[in-house]
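Input: a single structure, listed below in structure tokens.
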There are 2 protein chains.
Amino acid sequence: MPEPIILVHGGAGSPAGGRIRNEDEVRSALESAVVAGSEVIERGGDALDAAQAAVEWMEDCELFNAGRGSVLNDFGEVEMDAALMDGRDKRVGAVAGLSGLRNPIAIARAVMDHSPHVLLAGAGAERFALGHGFDRVPRHHHVTERQIERWSRERDGAPPVEGADASLGTVGAVVLDAAGNVAAATSTGGLRGKHVGRVGDSPLIGSGTYADNPTCAVSATGNGEVIIRAVAAHETAALIAYKGLGLAEACDVVVRERIGPLGGEAGLLALDASGEIATPFNAGIFQRAGRRGTGRVATAISERELEL
Amino acid sequence: MPEPIILVHGGAGSPAGGRIRNEDEVRSALESAVVAGSEVIERGGDALDAAQAAVEWMEDCELFNAGRGSVLNDFGEVEMDAALMDGRDKRVGAVAGLSGLRNPIAIARAVMDHSPHVLLAGAGAERFALGHGFDRVPRHHHVTERQIERWSRERDGAPPVEGADASLGTVGAVVLDAAGNVAAATSTGGLRGKHVGRVGDSPLIGSGTYADNPTCAVSATGNGEVIIRAVAAHETAALIAYKGLGLAEACDVVVRERIGPLGGEAGLLALDASGEIATPFNAGIFQRAGRRGTGRVATAISERELEL
């Protein structure tokens, strides 16, 4: 039986000033998200359940651009995207442009489990959630003072807050469970100041999120538009399946030779069923953490490697 | 200089009774769509312009489930998805859940040309279009008597109209121009009776639509949810790029070994920069047509091969 692995990320980007101001706080939050996933595994949950739990924890934490703490769009409102995929059977669920529901990744899971569809957007996604036992939260639940300040400065043409980045803070998790199954989950508020209705890479299967036991599980983050054009997560799996690359090499090729040449910055959070992990990025930072079995929880932000 | 090729499709499916009732009418419409694309090439347009023109023609033709003639969702309303991709530079544009704009593929093109984003959904896509010179059409513009009748029968539990299929009639085009560039475009009303907000494979880059000069251009149609899970269009390109398969073999593998095992029916419309074409399907019919240069326009519906 493989040793379970949980990896989480809190986004990649190049914040103003070269670094974020609250590294300790972010490391602590990433650790807690890993623990939230670990607890699910310890209680007998599978990779999919654990990935969902880790992402839900980060959605509820206002440090990240997902769930509560999401960036504001050009109308000053929150619209959230999320997806998850089970590497056992390629089942998927996703939502886009969601608001008024506490945990987008939980709605994506309900789409996976209870809908004939895989991606629901906007008011349709909200209606689906309300019809499947989820309670509404006021739209202001997801709106934090910090994001109001950043959005207002950007609207007024003021220089960005030091340590801030318009796209930093998407969250994701990839998990390997003891049965050898992998899963991926990603959730985001998208890009600060985005056009109302903009859908990024996170909820698009094969772009921001992908999982397939024979190849890998990937949660991508960074310039969503470039990640979509590169079909980055599925490209990683294809390089493994058809070009015979190892996980780390495949991820490197996607970041350096697919995303970079299109002018994008990104981080890939990836693992495979053999227990290999890779977290390459071509941005200033990639906020991530992980744990092998019940070992120490490791974190990395500007460090190139995440050493479990 | 390669000889230009235009391929179009009007959807794949397994209609009640095994065949559609209006084959002659559909063949004639497909021929006209090919000619609409050809005229663009003859006037010096490129593959992208020609693919867009062919799809716009089919959106305006009420025989197909795209633009006018789109199926109705579970509220009895039209929500349309569309995407296009330029194989030269991997530029993309897409819209989802659109209503009230005449040609979704034209809005997708405007997203490609004038937005920093690649996918806009719902009211946000409408706002973008109105801000970029497009006129609103009344929502009833896209609603036809034929689709009202089919939707009403389904709602009332009556057996489907002979020749009808809830998902048949998505449209798409793939084009090779004289400069050796390929492009793909897809547009759809989705699945009849779909949940409000459901997004299918058509607007998702790598799933229903993909184009990249070194590999191929693909427009997929069929069971959208399965096409998304298989990341079908990008999987085709990956089998060519990394496994060394030819276009026809790659398309066959995707239809038979990727989409079939997930329980889906689909048709792939594909070509590459060398002038190879492939149009495999595992459904009852795949409505398609094509032309090489200024040659004869060929059509195929239940025929296995499209012979140009």
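Residues in the range A:221-247 that are closer than 16 Å to A:F286 by Cα and away from chain B (no Cβ under 13 Å): A:T221, A:G222.
Among the residues of the range A:248-257, those that are away from chain B (no Cβ under 11 Å) and either within 25 Å of B:S115 (Cβ to Cβ) or among the aliphatic types (A, V, I, L, M) (or both) comprise A:A248, A:V254, A:V255.
Only residues that are touching a residue at least 40 places away in the same chain (Cβ under 8 Å) and either within 30 Å of A:W151 (Cβ to Cβ) or crowded, with 24+ Cβ neighbours inside 10 Å (or both) were counted in the range A:200-246, giving 21.
In this structure, is B:A184 within 20 Å of B:Y210 (Cα to Cα), within 14 Å of chain A (Cβ to nearest Cβ), at pLDDT 95 or above and not in a loop (DSSP other than H, G, I, E, B)? Yes. From the list A:I41, A:I20, the one residue that fits, being modelled with pLDDT under 95, among the β-branched types (V, I, T) and at negative phi, is A:I20. Of the residues making up the range B:229-250, one or more are more than 30 Å from B:G44 (Cβ to Cβ), modelled with pLDDT of 95 or more and among the basic types (K, R). Condition check: surrounded by fewer than 24 Cβ atoms within 10 Å (Cβ to Cβ), within 28 Å of A:A179 (Cα to Cα) and at pLDDT 95 or above. Does A:A300 satisfy that? Answer is yes for this residue.
Annotation note: of A:E249, A:E305, the sole residue that is over 26 Å from A:A29 (Cα atoms) and acidic (D, E) is A:E249. Of the residues making up the range B:199-218, those that are facing chain A (nearest Cβ under 7 Å) and not hydrophobic (A, V, I, L, M, F, W, C) number 2. Number of residues in the range A:41-77 that are closer than 20 Å to A:R102 by Cα, of a type in the set (A, V, I, L, M) and either without any contact (Cβ under 8 Å) to a residue 60 or more places away in the chain or touching a strand residue (DSSP E or B) at 6+ places or on another chain (Cβ under 6 Å) (or both): the value is 8. Annotation note: Cβ proximity below 7 Å between a residue of the range A:178-191 that is farther than 14 Å from A:E62 by Cα and a residue that is at pLDDT below 95 and not charged (D, E, K, R) (sequence gap 6+ or interchain) occurs for A:A178/A:M1; A:A178/A:P2; A:G180/A:P2; A:L191/A:A166; A:L191/A:S167. Condition check for A:R19 on (1) among the charged types (D, E, K, R); (2) over 13 Å from A:S187 (Cβ atoms); (3) crowded, with 24+ Cβ neighbours inside 10 Å: one failure, at (3).
Within the range A:29-37, can one find any residue that is crowded, with 24+ Cβ neighbours inside 10 Å and at positive phi? No, the range A:29-37 has no match at all.
Against the criterion of being within 12 Å of chain B (Cβ to nearest Cβ), of a type in the set (A, V, I, L, M), closer than 19 Å to A:P203 by Cβ and out of contact with any Lys or Arg (no Cβ under 6 Å at 6 or more places or on another chain), A:A51 does not qualify.
Considering only residues in the range A:187-198 that are of a type in the set (K, R) and under 23 Å from B:R198 (Cα atoms), the one that is farthest from the other protein chains (Cβ to nearest Cβ) turns out to be A:K194. Residue check: is B:E276 surrounded by fewer than 24 Cβ atoms within 10 Å (Cβ to Cβ) and at pLDDT 95 or above? The answer is yes for B:E276. Criterion applied to B:G189, B:G172, B:G163, B:G197 was being in contact with a Gly (Cβ under 7 Å, 6 or more places away or on another chain) and crowded, with 24+ Cβ neighbours inside 10 Å, and the one residue passing it is B:G197. Total residues in the range B:93-149 satisfying the condition of being at the interface with chain A (Cβ under 10 Å from one of its Cβ atoms), of a type in the set (V, I, T) and in contact with a helix residue (DSSP H, G or I) (Cβ under 6 Å, 6 or more places away or on another chain): the figure is 2.
The values are calculated or read from the model by the stated rules, or taken from the named source; none is laboratory data. In this text, all values refer to a predicted model and were calculated from it rather than measured experimentally. Virtual Cβ from ideal backbone geometry, glycine too; neighbours counted across all protein chains shown.
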